[in-house]
Amino acid sequence: MPASSTVVLVHGLWHGAWCWDAVIEALRGPDVAAVALDLPMRSLAADASVLHDALDQVSGTVVLVGHSYGGAVITAAGTHPSVSRLVYLAGFLLDATESISRVAPERGIAPTGLGAAMRFSADGQDVAIDPDLAAQLLYNRTPAAVANAAIAKLRPVARGILRERPAHTAWRDVPASYVVCSDDRTVAPDLQRVMAARAAQTYEWNSDHSPSLSRPVEVADLLAAEARATGH
């Protein structure tokens with residue numbers, strides 16, 4: 001049986017395609033295909049272009065999934081004609097005037113501890129996350145061994161990404177689902193709920209910021225259902 005739809009997985013800041021490995025393993029089956037890509041993370045525009053080019057190589061319909069910063073990328077690139085559904089996992093479902101560092105400022109939502117955990121390069125151009133703080137911010141419900149392995153793979157990103165706005169807002173034209181992670185210490189859950197209100201469907205999980213690592217089977221089940229519902 002051909003795949004009902006292809007799930008394309010887009011990671012967040014500091015991560016890579018590797019963070020989806022357990023989800024892809026759980027998704028394996030005759031009617032659901034999945035692919036994860038690595039983003040350069042030098043600019044939002046460049047990452048959106050990388051994703052757009054990758055979508056050109058996928059046949060059939062696509063369920064496009066963005067985690068955290070990956071949500072900004074799928075917002076910008078999700079206008080690709082193959083995309084039939086957007087799924088945000090604690091993702092930045094941005095409006096045209098927003099960036100990942102400035103979402104709904106009028107709401108006055110208190111920031112998380114992420115800012116204090118950022119470490120900037122000597123020239124101020126790159127930003128990393130303090131490895132000693134990453135576990136409690138990104139992986140507070142993830143098994144320790146899994147979290148430690150992830151922390152060892154994190155890489156710096158361009159600082160300018162934090163302020164870039166998406167060139168397109170795909171969620172205005174493509175149906176979107178949003179998973180709010182209610183024990184997220186990186187992206188405030190209340191901020192996620194503001195963005196989730198823009199989506200057609202909302203779920204709320206008692207998850208940390210990294211459900212692809214802390215609850216990959218649940219993520220896979222959701223994405224498989226989305227793929228089977230939208231494939232044609």
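Restricting attention to segment 178-232, and to residues there that are hydroxyl-bearing (Ser, Thr, Tyr) and touching a Leu at 6+ places or on another chain (Cβ under 8 Å), which single residue is surrounded by the fewest Cβ atoms within 10 Å (Cβ to Cβ)?
In this case the residue turns out to be 203.
Just checking, how many residues over segment 111-150 are part of a helix (DSSP H, G or I) and of a type outside the set (Gly, Ala, Ser)?
Of the residues in segment 111-150, 9 are part of a helix (DSSP H, G or I) and of a type outside the set (Gly, Ala, Ser).
Checking residue 165 against (1) within 15 Å of residue 69 (Cβ to Cβ); (2) basic (Lys, Arg); (3) in contact with a helix residue (DSSP H, G or I) (Cβ under 7 Å, 6 or more places away or on another chain), only one condition comes out false. Which one?
Residue 165 satisfies every listed condition except (3).
Just to be sure before I move on: is residue 160 in contact (Cβ under 8 Å) with a residue 12 or more places away in the chain and either under 17 Å from the mean Cα position of the chain (by Cα) or under 28 Å from residue 7 (Cα atoms) (or both) in the structure I sent? I'd like the intermediate steps shown before the answer.
On the way: in contact (Cβ under 8 Å) with a residue 12 or more places away in the chain: yes; either under 17 Å from the mean Cα position of the chain (by Cα) or under 28 Å from residue 7 (Cα atoms) (or both): no.
When the stated conditions are applied, residue 160 does not pass them.
Going by what's in this entry, would residue 207 be described as among the hydroxyl-bearing types (Ser, Thr, Tyr), under 26 Å from residue 38 (Cβ atoms) and in a strand (DSSP E or B)?
No.
Tell me, yes or no, whether segment 89-108 has at least one residue that is in a strand (DSSP E or B), farther than 20 Å from residue 147 by Cβ and small (Gly, Ala, Ser). Quick ask: steps written out before the conclusion?
First, pick out the residues of segment 89-108 that are in a strand (DSSP E or B): 89, 99, 102.
Add one more test, that the residue is farther than 20 Å from residue 147 by Cβ, and what stays is 99, 102.
This time we only want the ones that are small (Gly, Ala, Ser), so: 99.
Yes.
Could you tell me whether segment 31-52 includes any residue that is in a strand (DSSP E or B), touching a residue at least 12 places away in the same chain (Cβ under 8 Å) and of a type in the set (D, E, K, R)?
No, segment 31-52 contains no residue that is in a strand (DSSP E or B), touching a residue at least 12 places away in the same chain (Cβ under 8 Å) and of a type in the set (D, E, K, R).
Name the residue that is nearest to the chain's Cα centre (by Cα), counting only residues in segment 51-75 that are among the small types (Gly, Ala, Ser) and surrounded by fewer than 24 Cβ atoms within 10 Å (Cβ to Cβ).
54
Can you name every residue in segment 14-49 that is under 19 Å from residue 94 (Cα atoms) and not charged (D, E, K, R)?
Those that are under 19 Å from residue 94 (Cα atoms) and not charged (D, E, K, R): 39, 41, 43, 44, 45, 46, 48, 49.
Taking the stated definitions as given, is residue 53 at pLDDT 95 or above and either of a type in the set (D, E, K, R) or at positive phi (or both)? Break it down into steps so the answer makes sense when it comes.
Working: at pLDDT 95 or above: yes; either of a type in the set (D, E, K, R) or at positive phi (or both): yes.
For residue 53, the condition - at pLDDT 95 or above and either of a type in the set (D, E, K, R) or at positive phi (or both) - is met.
Identify all residues within segment 85-115 that are aliphatic (A, V, I, L, M) and exposed (fewer than 11 other Cβ atoms within 10 Å of the Cβ); write none if there are none.
110
Read through the list (1) at pLDDT 95 or above; (2) of a type outside the set (Phe, Trp, Tyr); (3) in contact with a Gly (Cβ under 9 Å, 6 or more places away or on another chain), then give the number of the only condition that residue 17 fails.
Of (1) at pLDDT 95 or above; (2) of a type outside the set (Phe, Trp, Tyr); (3) in contact with a Gly (Cβ under 9 Å, 6 or more places away or on another chain), only one is false for residue 17: (3).
Among the numbered conditions (1) within 30 Å of residue 5 (Cα to Cα); (2) of a type in the set (A, V, I, L, M, F, W, C); (3) assigned to a loop (DSSP other than H, G, I, E, B), tell me where residue 180 comes up short.
(3)
Got a sec? Which of 71, 66, 12 is under 18 Å from residue 210 (Cβ atoms), modelled with pLDDT of 95 or more and part of a loop (DSSP other than H, G, I, E, B)?
Just one listed residue meets the conditions, 12.
Within segment 122-143, take every residue that is of a type outside the set (Asp, Glu) and surrounded by fewer than 12 Cβ atoms within 10 Å (Cβ to Cβ) and give me the one that is nearest to the chain's Cα centre (by Cα).
Checked segment 122-143; the qualifying residue nearest to the chain's Cα centre (by Cα) is 143.
The values are calculated or read from the model by the stated rules, or taken from the named source; none is laboratory data. Note that the coordinates shown come from a computational prediction; the quantities given were computed from them, not determined experimentally. Every residue, glycine as well, gets a Cβ built from its backbone with ideal geometry; the counts of neighbours run over all protein chains shown.
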